[in-house]
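Right, one structure below, let's go through it.
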Amino acid sequence: MPKDHKRINGPEETVPYNLFAKLNIKTLSKQFKEAVNNGKRIDSRTTEEHRKIFLKTGIVSQAKGSAYIELGKTEVIVSVFDPREIPNRTDYCLNGEIYCDFKFAPFSCIKRRQHQHDAEEKHYGAIMKQALESTVCRHEFPNFQVDIYALVLQNDGSALSAAITAAGVALAHAGVPMYDLITSVTLGVQNDIMLLDPNYTEQMLCEVPISSDQEKSHGIIVVSMLHTHEQVSQFFQSGCISMKDLSAGISVLEKACRSIVPLVQKCLAKHVLKTLKEDAED
């Protein structure tokens, strides 16, 4: 992939110092046992406990709608811009389109990210588009396209689900017609142990097999749900997970998605009350 030579930000191929720390010599199985000890994680959460969430709208003044979300140490900003004509399209389209751009900031991860989009970011953007297409009334803006940009300022795990949840709030803040509110949650599976809303270390440990037993499940599951309709709008799974663990994991994710809805509703209601108050003062 070509590099952007107009930007000079120091060496791109830097290696984090913690790769040479003594703690990194431990095997993956020992690291996982330390990360999850007797049903408790390093941050004192249980295996099915979600991190605290902070949501705020109106972060980007240039955008039609925007939202900022903090999921533990994970920080994501999502911007939604006014509909525009679909570029490079000659025929008339009855349904509008959604363009999703997912990007990690160069300083957001342990290893510095490139300014150009890599394969992971393009994949996450496609998953975001799939999740949001079912919640937006695309027939309301035919032959037009809504642009959604998600920027991860700090990645401490579950960045994709945080971006999808924030994108739903940003779309509502922008006044884009929607069928329902959308929430998304990530679940990590390792050695048949399910970790709801994993942080970066837990997510990395769940993505690789650390047990010699091939029947043990490992992987990541991301589910996005529509609240009122109780429908799954998007499902993404990586790794090797048995049907039993997959069924149990989806049940845990559905419950977690429903628990986030009151926070999203409160955030949007706060924005509406603030707008009405400002209009009354004017």
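The values are calculated or read from the model by the stated rules, or taken from the named source; none is laboratory data. Only a predicted model underlies this, so the values are computations on that prediction, with no experimental measurement involved. Note that each Cβ is placed from the backbone with ideal geometry, even for glycine, and that neighbours are counted across all protein chains shown.
Assorted remarks:
Matching residues to (1) in contact with a strand residue (DSSP E or B) (Cβ under 9 Å, 6 or more places away or on another chain); (2) assigned to a strand (DSSP E or B); (3) free of Cβ contacts under 8 Å to residues at least 40 places away in the same chain:
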site: Ile69; (1), (2), (3): yes, yes, no
site: Val76; (1), (2), (3): yes, yes, no
site: Arg89; (1), (2), (3): yes, no, no
site: Ile98; (1), (2), (3): yes, yes, no
site: Lys103; (1), (2), (3): yes, yes, no
site: Ile110; (1), (2), (3): no, no, no
site: Arg113; (1), (2), (3): yes, no, yes
site: Gln116; (1), (2), (3): no, no, no
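- Those residues of the stretch 93-144 which are of a type in the set (S, T, N, Q) and surrounded by 13 or more Cβ atoms within 10 Å (Cβ to Cβ), in sequence order: Asn95, Ser108, Gln114, Gln130, Ser134, Thr135, Asn143
- Cβ-Cβ under 6 Å pairs, at least 6 apart or on other chains, the stretch 245-268 side within 14 Å of Thr186 (Cβ to Cβ) and crowded, with 16+ Cβ neighbours inside 10 Å, far side at pLDDT 90 or above and of a type in the set (Ser, Thr, Tyr): Cys257/Thr183; Ile260/Thr183
- Listed here are the strands (runs of 3 or more DSSP E) enclosed by the stretch 131-223 that have at least 3 residues being farther than 20 Å from Glu254 by Cα, modelled with pLDDT of 90 or more and within 12 Å of the chain's Cα centre (by Cα): 144-154.
- Here the stretch 77-92 is the region considered, the condition is being surrounded by 14 or more Cβ atoms within 10 Å (Cβ to Cβ) and either of a type in the set (Val, Ile, Thr) or farther than 15 Å from Asp147 by Cα (or both), and the residue that is modelled with the lowest pLDDT is Ile86.
- The residues listed here are Lys3, Lys33; of these, the one that is part of a loop (DSSP other than H, G, I, E, B), of a type in the set (Lys, Arg), out of contact with any Pro (no Cβ under 6 Å at 6 or more places or on another chain) and at pLDDT below 80 is Lys3.
- Test: Gly188 is under 30 Å from Ser29 (Cβ atoms), free of Cβ contacts under 8 Å to residues at least 40 places away in the same chain and touching a Leu at 6+ places or on another chain (Cβ under 8 Å): yes
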